[in-house]
Each structure stands twice: as C-alpha cells, then as structure tokens.
Amino acid sequence: MKLFYLLLTLFIFAGCSSRGVEYVMPAPHVVSIGHFNSILGVAEVKVPSYLNSDKILVQKGSRLYKIDANFASTPSKMLTQNAIVALKRSLNTPDVFLYPWEFKTAKGLVVIINLDDFVYRDGKAVVAGSYYIKRAQGGIVAEQNFRYSQACNEKSQEIVETLSILFNRVLEDIARKIARR
C-alpha cells in the first residue's frame, strides 16, 4: 500500500511539474545598416486579436483553425522587444526606447508597426501590415504597407521561426528608411 501511495505521489508531482513547450520569437538577426544620431522610440507593436490567445491562425483555402503556440510572453511585447533590439543593432545606436518615452523630448523619431496578418496560410507563413515613421513632434517621415510570405511546414516551431524571419525583414526595411534620413 505504501508503494501505491508513493507511486501516486510521484505521478501527481510529475504531472504538476511538467510544462508544455513555450515559444519565443528568436533573437533578431540583423545586419548593420547605418547610424542614427538621435533618439528612436518604438511603440508597442499592434497585433491581430487572434494572437492574444496563444494560438497561430492557420488557413487552408476557406477553412480557418488555430494551433497551439503557447507564447512565453504576449506576442505584442515579444515583437516590440525584437524591434527595439533589431533597430539598436542595425542602426548602431543605444538610443532606442519603448514609446511613449518616460521622459519629455521633442527630438527623434517614433516607429509604429501595425500587423494585420501574422498567419500560416496555404503552406506559407505570412506577415502583413503597415508601419509609420514619424517625428516625435509630429509629422510622418515615411509610411509603408508590407506583405512578406515564405513557405514552411505546418509545425508550430517552424511557423513561429518563419514568422520571426519575416518580421525581421520589416525591421530591416524600417532601419534602411531611418538610415537614409
């Protein structure tokens, strides 16, 4: 009987301690594009509402369903952090911060990224949306709609990695536009 309770206890602890796989966006892989000599703010990336449920939207023809992604943090926060890190690296500047800033300034630029699609559709990962680069004191410097897609398998991990690669393309485009200023 003691053996039974011991085994039962072990099974309970094993069940309580096991966790599913959590996904994070891989660290951005960026190249040095230029240098930016002012402050750069990155607003929290706006994502479609379906990303708030730890699911990846999958579309096959007219059929939609979701697969578990179990993100380690909210996708919006992970994408925003990746944007800050990527822009720091690609523009060779430490002065990239979350916007709105905790300090008052009329200098610098602000990057706003709105994602409309962050999905796996018909065998491809798709990232689509728009971004704006504006002056801190107002006025748009650049705006762009984007749509990137790349074929990948229907495995959660590969979809997340491919979506991250596509999001990095958006960040490289933003960095190029800022560097040309």
Original post:
From the list Leu57, Leu91, which residue is of a type outside the set (D, E, K, R), under 16 Å from Leu171 (Cβ atoms) and touching a Phe, Trp or Tyr at 6+ places or on another chain (Cβ under 8 Å)?
Top reply: Leu91
**OP:** Evaluate the stretch 63-77: report whether one residue or more is part of a strand (DSSP E or B), closer than 29 Å to Ile178 by Cβ and modelled with pLDDT of 85 or more.
**Re:** no
**OP:** Go through the residues of the stretch 28-49 one by one and say whether even a single one is exposed (fewer than 15 other Cβ atoms within 10 Å of the Cβ) and within 23 Å of Val119 (Cβ to Cβ).
**Re:** yes
**OP:** Scan the stretch 140-159 and give yes if some residue there is over 23 Å from Lys55 (Cα atoms), among the hydrophobic types (A, V, I, L, M, F, W, C) and out of contact with any Phe, Trp or Tyr (no Cβ under 7 Å at 6 or more places or on another chain), otherwise no.
**Re:** yes
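The values are calculated or read from the model by the stated rules, or taken from the named source; none is laboratory data. Remember, predicted model here, so these are calculated numbers, not experimental data. Neighbour counts are summed over all protein chains in view; Cβ atoms, including those assigned to glycine, are modelled from backbone coordinates with ideal geometry.
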